Amino acid sequence: MQNLQECHVLQQPIESFIISAEEVAHVQPDNSLEHALLVLVKSGYTAIPVLDTSFKLRGLISKAQILDSMIGIEKLEPERLHKTSVGDVMSISFQCVSEDAPFEKVLSYSINNPFICVENHQGSFLGIITRSKLLAYLNGYLHEQKKHQK
Ligand code: 4BW
């Protein structure tokens, strides 16, 4: 069996997997939850990054967190959506990588995260790497390996 460290698949620069910041749906910390819910529903995504006005990553917000924040004592209280801001409910603890992180690290983070945020060395948000892009690449690689073994 090939030594994993020498394995070409793990040497792949992560840059080629990044969905650039301009293409990533996002909200800002002081947006209302109502706005965030509209962005999430319209984009079709379950969770998206929260960026400040200087494009620094501040957190992640999901539909589940927004729905949870609407739960009152006995009923849903949708009026809370425009009184509460994204910054009040977003997650601030999440895994993120720098632009030169090894493929292996991103792959291992993707086990528990559907997407990984990528920052440059100045801390600016560059984009995301989705689990589906990593799996598509690995799938292609495995098929190539199989062809060469025949
Ligand atoms: O609108 C969609 N377009 C496409 N082409 N695929 C979609 C869309 N919405 C969902 N999907 C599919 C993707 O395969 O469902 C998967 C789970 O979506 P999610 O998590 O739960 O909303 C998608 O898998 P994925 O491409 O590996 O994306 C993983 C997660 O990355 C998504 C979402 O939270 C985030 N994401 C992906 N592209 C994004 C994005 N967030 C913001 N902007 C983007 N452009």
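Remarks
- Here the dipole of the chain is about 540 debye; that uses its Cα centre as origin and unit charges on the Cβ of Lys and Arg (positive) and Asp and Glu (negative).
- For the stretch 38-44, backbone phi angles converted through the Karplus equation (6.51, -1.76, 1.60; θ = phi - 60°) give residue-by-residue couplings of 4, 5, 5, 5, 5, 7, x Hz, Gly and Pro being listed as x.
- Under a 5 Å amide H cut-off, with hydrogens placed 1.01 Å from N, GLN12 pairs with nothing among residues at least 5 apart or on other chains.
- Convex hull volume of the Cα atoms of the chain, normalised per residue: 138 Å³.
- Since only LEU134, LEU57, PRO29 are under comparison, the one whose Cα sits farthest along the positive direction of the charge dipole of the chain, derived from C-beta charges on Lys, Arg, Asp and Glu, is LEU134.
- Cα long-axis angle, helix 131-149 against the chain (0 to 90 degrees, to the nearest 10): 10 degrees
- Here the stretch 63-132 has an Rg and Dmax of 16.3, 49 Å, counting Cα atoms alone.
- Among HIS143, HIS148, HIS35, HIS26, a tally of other beta-carbon atoms within 10 Å of each Cβ gives an order, fewest to most, of HIS148, HIS143, HIS35, HIS26.
Rule-based calculations on the coordinates, nothing more; no lab input. This one's a predicted model, so the numbers in the text were calculated from it and none came from an experiment. Reconstructed Cβ throughout: ideal geometry from the backbone, glycine too, with neighbour counts over all protein chains shown.
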